[in-house]
Amino acid sequence: ATRTAPAGETSPMPKTLSPMHAEIAEAAFNDKDWMWEPKLDGYRVLVFISDNQIKMLSRNGLDFSKDFPKLAEELKQQVAPMILDGEVVAFDEQGRHSFNAMQNRKSGVHVVFYCFDLLHFAGVDLRKLPYRDRRRYLAQCLLPTPRVQLVHAAEDGKALQDAAIASAFEGV
């Protein structure tokens, strides 16, 4: 059961956190201790879900909660208090994620929150756990909706880099 959902000592949910940052490398590589995700062009956001309240904070502490009301409503569908780390992405006319579409979005532009980490769940602080464990809990505890999705992650960094470039992503 402890592998299905986080368990352990509980603590109050932090009010703020600093997101982890990606590391820069010359090229993708394969290492058993690494997981890889496609690089998305959007707004990095920490989502705090508690008592049917949603707070979406940028890495600079700006609150985007009112900027994405439809997304906030879908995030309220999660079944437990949690803190999610991810990227809010907008799409252009061709259906590709686009930072330009995000910056110039108009009412009605479809945005998706791609979640890549679970930092706190039902009172349990997960930040000291290995990423693989947090990722497993995220996959098991996140309720996907049309606007809330789990981002793809892979162990093969080289293959994901090739696939990302072939699909017009910047990389991994």
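The values are calculated or read from the model by the stated rules, or taken from the named source; none is laboratory data. This one's a predicted model, so the numbers in the text were calculated from it and none came from an experiment. Positions of Cβ are backbone-derived with ideal geometry, glycine not excepted, and every protein chain shown enters the neighbour counts. Only protein heavy atoms, including side chains, enter the accessible area calculation; ligands, DNA and RNA are left aside. Shrake-Rupley method; radii C 1.70, N 1.55, O 1.52, S 1.80 Å.
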*Any idea which of (1) closer than 13 Å to Ala28 by Cβ; (2) in a loop (DSSP other than H, G, I, E, B) is the one Ile165 doesn't satisfy?*
(2)
*Test: Lys66 is without any contact (Cβ under 8 Å) to a residue 24 or more places away in the chain and touching a strand residue (DSSP E or B) at 6+ places or on another chain (Cβ under 6 Å)*: no
*Restricting attention to the stretch 132-152, does a residue exist that is among the aliphatic types (A, V, I, L, M) and part of a strand (DSSP E or B)?*
yes
*Search result, residues across the stretch 137-160 that are open to solvent by 50 Å² or more (accessible area, probe 1.4 Å) and either under 16 Å from Ala7 (Cα atoms) or not hydrophobic (A, V, I, L, M, F, W, C) (or both)*: Ala139, Gln140, Pro144, Pro146, Gln149, His152, Glu155, Asp156, Lys158
*Go through the residues of the stretch 66-80 one by one and say whether even a single one is in a loop (DSSP other than H, G, I, E, B) and β-branched (Val, Ile, Thr).*
yes
_I'd like the full set of residues that are out of contact with any Ser or Thr (no Cβ under 8 Å at 6 or more places or on another chain), outside any strand (DSSP E or B) and open to solvent by 10 Å² or more (accessible area, probe 1.4 Å), limited to the stretch 114-131._
Arg127, Lys128, Leu129, Pro130, Tyr131
_Checking Thr10 against (1) surrounded by 10 or more Cβ atoms within 10 Å (Cβ to Cβ); (2) β-branched (Val, Ile, Thr); (3) closer than 30 Å to Asn104 by Cα, the condition it does not meet_ = (3)
*Counting only residues that are among the aliphatic types (A, V, I, L, M) and surrounded by 13 or more Cβ atoms within 10 Å (Cβ to Cβ), which one in the stretch 23-43 is farthest from Ser58 (Cα to Cα)?*
Ala28
*asked:* For the stretch 55-103, give me the residue count where each residue is at pLDDT below 90, of a type in the set (S, T, N, Q) and surrounded by 17 or more Cβ atoms within 10 Å (Cβ to Cβ).
replied: 1
